[in-house]
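A.B. asks: This is the structure I want to talk about, given as structure tokens.
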Amino acid sequence: MKYKLTSALGLFLLTNVSLAGTAITGIISDFDGFFRSELGALNPGSDRPNTAHDLLAFAVDTGPGGARQFFSTSVDDSILTANGVTFNAGRYEAFTPILAESTLAGQGSLDDGDAGAFAGSIFGSPTPGTAPGLFDVTPFLTDGVRGLGLSTFANNVGGTFDFTLSGVDASTLGDGIPDLIYFNQAAPSSAEITFEFFDAAGLSLGTHSVAENLGGTIARIQNDRFNQGTQSASAGQTASNQNVEGFSVEFSDFAGLTQADLANAVQLSVVLPNAADPPFIAFNSDAFTATAIPEPTSTGLCIIGGMVACLRRRRSDGVQ
Ligand SMILES: [Ca+2]
Ligand SMILES: [Ca+2]
Ligand SMILES: [Ca+2]
């Protein structure tokens with residue numbers, strides 16, 4: 001069942017919404033050269049990543065019989081090989097929003113050169129956002145190789161982020177290779193991250209939501225969280241010990257989404273809840289390429305002539 005954004009609200013209730021997700025059960029990064037932590041084999045609390053490191057691979061328990069298997073990001077597969085890791089070669093990169101806004105951001109506790117105190121944001125003077133008190137925290141979501149820097153993250157960064165898709169390889173639906181990955185690096189909540197595909201006519205092809213606390217703790221880190229505007233941090237959020245959780249989504253997790261549907265997808269919306277604390281939101285870049293679409297300054301129901309004209313304001317493509 002598909003609906004148009006211009007449809008009445010009732011039809012919205014009929015659209016496909018699926019809630020399943022797959023917990024990410026391990027990560028490997030280049031912290032101190034090589035860092036590996038997994039569910040059941042967590043890194044020691046005395047050895048927590050606290051400076052810049054990039055995601056080299058992640059694990060999901062989707063192998064035969066539920067076996068754990070790693071997928072590489074292609075950031076540096078040679079490090080995996082040199083350390084004896086068995087992995088499926090993949091390629092992932094972070095979505096690059098035009099603007100992500102929050103009051104808060106986080107970075108590794110040693111990113112500022114002082115593991116015991118907060119000495120300031122590594123991205124310098126904050127750029128004001130679109131409302132008082134908000135600041136651009138996009139650099140925290142996009143730094144590192146291909147945007148996969150784990151030490152930096154946006155804290156409480158809700159919003160809708162729209163991307164134009166190109167080069168979509170529909171055969172990647174159902175191949176078992178994760179297509180979207182998400183991590184949380186401060187307190188996780190039960191709030192959901194939602195992904196939604198649209199075709200060129202603005203029809204929704206499928207929606208998939210996953211609670212950000214789906215997965216268990218896969219790594220222990222230490223970070224500073226701070227007000228990006230005032231450049232101040234409370235003592236309780238400085239050199240703070242936190243956990244990492246994550247989940248992945250395969251295109252086949254979208255209820256009703258077929259390869260034919262995916263071949264027609266030209267846009268993906270990523271909706272983050274206000275509690276989201278991601279280091280990045282990443283995708284399988286063997287499956288598609290994504291380019292950010294400028295967002296309107298407000299979202300919500302559009303009421304024109306007494307009818308619900310649209311569910312969210314979208315790009316000006318004639319389907320509002
Ligand atoms: Ca610090
Ligand atoms: Ca796939
Ligand atoms: Ca980051």
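A.B. asks: Criterion first (touching a Ser or Thr at 6+ places or on another chain (Cβ under 7 Å), within 16 Å of ligand 1 (Cβ to nearest atom) and at pLDDT 95 or above) does SER151 satisfy it? Break it down stepwise before answering.
C.D. replies: On the way: touching a Ser or Thr at 6+ places or on another chain (Cβ under 7 Å): yes; within 16 Å of ligand 1 (Cβ to nearest atom): yes; at pLDDT 95 or above: yes.
Spelling it out, SER151 is indeed touching a Ser or Thr at 6+ places or on another chain (Cβ under 7 Å), within 16 Å of ligand 1 (Cβ to nearest atom) and at pLDDT 95 or above.
A.B. asks: Give the range 122-164 a look and list any residue that's among the charged types (D, E, K, R) and either in a strand (DSSP E or B) or more than 8 Å from ligand 3 (Cβ to nearest atom) (or both), or say none.
C.D. replies: Answer for the range 122-164, where residues must be among the charged types (D, E, K, R) and either in a strand (DSSP E or B) or more than 8 Å from ligand 3 (Cβ to nearest atom) (or both): ASP136, ARG146, ASP162.
A.B. asks: Inspect all residues belonging to the range 120-134 and state whether any of them is within 16 Å of ligand 1 (Cβ to nearest atom), buried (at least 19 other Cβ atoms within 10 Å of the Cβ) and under 19 Å from the mean Cα position of the chain (by Cα).
C.D. replies: Scanning the range 120-134 turns up no residue that is within 16 Å of ligand 1 (Cβ to nearest atom), buried (at least 19 other Cβ atoms within 10 Å of the Cβ) and under 19 Å from the mean Cα position of the chain (by Cα).
A.B. asks: Are any of the residues in the range 225-240 of a type in the set (D, E, K, R), within 24 Å of TYR92 (Cβ to Cβ) and either in contact with a helix residue (DSSP H, G or I) (Cβ under 8 Å, 6 or more places away or on another chain) or open to solvent by less than 40 Å² (accessible area, probe 1.4 Å) (or both)? Quick ask: steps written out before the conclusion?
C.D. replies: So in the range 225-240, the residues of a type in the set (D, E, K, R) come out as 225.
Pick out the ones that are also within 24 Å of TYR92 (Cβ to Cβ) and you get none.
Within the range 225-240 (the criterion being of a type in the set (D, E, K, R), within 24 Å of TYR92 (Cβ to Cβ) and either in contact with a helix residue (DSSP H, G or I) (Cβ under 8 Å, 6 or more places away or on another chain) or open to solvent by less than 40 Å² (accessible area, probe 1.4 Å) (or both)), the answer is no, since none of the residues qualifies.
A.B. asks: Step by step: first the residues of the range 168-190, then only those that are closer than 23 Å to VAL137 by Cβ and at pLDDT 95 or above, then the one that is farthest from ligand 1 (Cβ to nearest atom). Which residue is that? Talk me through it step by step, then tell me what you get.
C.D. replies: Applying the first criterion (closer than 23 Å to VAL137 by Cβ) to the range 168-190 yields 180-190.
Within this subset, residues satisfying the condition of being at pLDDT 95 or above are 180-184.
Numbers: LEU180: 31, ILE181: 27, TYR182: 25, PHE183: 21, ASN184: 21 Å.
Here the residue is LEU180.
A.B. asks: While we're on this one: State all residues of the range 172-231 that are within 16 Å of ligand 2 (Cβ to nearest atom) and assigned to a loop (DSSP other than H, G, I, E, B); if no residue qualifies, say none.
C.D. replies: Applying the first criterion (within 16 Å of ligand 2 (Cβ to nearest atom)) to the range 172-231 yields 172-182, 195, 197, 205-206, 208, 210.
The answer is LEU173, GLY174, ASP175, GLY176, ILE177, PRO178, ASP179.
A.B. asks: Right, something else. Which residues, taken from the range 26-35, are within 20 Å of the chain's Cα centre (by Cα) and either surrounded by fewer than 22 Cβ atoms within 10 Å (Cβ to Cβ) or modelled with pLDDT under 95 (or both)?
C.D. replies: Hit for the range 26-35 is ASP30, nothing else.
A.B. asks: Also, I was wondering about something else. Is it the case that the range 312-320 has a residue that's modelled with pLDDT under 95 and hydrophobic (A, V, I, L, M, F, W, C)?
C.D. replies: yes
A.B. asks: Hey, another quick one. What is the residue count in the range 241-290 for residues that are out of contact with any Phe, Trp or Tyr (no Cβ under 7 Å at 6 or more places or on another chain), open to solvent by 10 Å² or more (accessible area, probe 1.4 Å), on the phi < 0 side of the Ramachandran plot and not in a strand (DSSP E or B)?
C.D. replies: Here the count works out to 14.
A.B. asks: Within the set of pairs 6+ apart or on separate chains, which have a first residue in the range 105-119 that is under 15 Å from GLY236 (Cα atoms) and open to solvent by 40 Å² or more (accessible area, probe 1.4 Å), a second that is within 16 Å of ligand 3 (Cβ to nearest atom) and outside any loop (DSSP other than H, G, I, E, B), and C-beta atoms under 6 Å apart?
C.D. replies: Hits for this filter: PHE118/ASP224; PHE118/PHE226.
A.B. asks: Can you give me the number of residues within the range 208-224 that are surrounded by 23 or more Cβ atoms within 10 Å (Cβ to Cβ) and either of a type outside the set (D, E, K, R) or under 17 Å from the mean Cα position of the chain (by Cα) (or both)?
C.D. replies: Total meeting the criteria: 8.
A.B. asks: Being open to solvent by less than 40 Å² (accessible area, probe 1.4 Å), in a loop (DSSP other than H, G, I, E, B) and away from ligand 2 (no atom under 16 Å from the Cβ) is the filter here, so list the residues in the range 56-104 that pass it.
C.D. replies: Selection gives VAL75, VAL85, PHE95, PRO97, ALA100.
A.B. asks: I need the full set of residues from the range 120-148 which are aromatic (Phe, Trp, Tyr) and either in contact with a helix residue (DSSP H, G or I) (Cβ under 6 Å, 6 or more places away or on another chain) or without any contact (Cβ under 8 Å) to a residue 24 or more places away in the chain (or both), in order please.
C.D. replies: PHE123
The values are calculated or read from the model by the stated rules, or taken from the named source; none is laboratory data. Predicted, not measured: the structure shown is a model, and the values here were computed from it. Cβ sites come from the backbone with ideal geometry, for glycine too, and all protein chains shown count toward neighbours. Accessible surface is based on the protein model in full, side chains and every heavy atom, while ligands, DNA and RNA are left aside. Shrake-Rupley method; radii C 1.70, N 1.55, O 1.52, S 1.80 Å.
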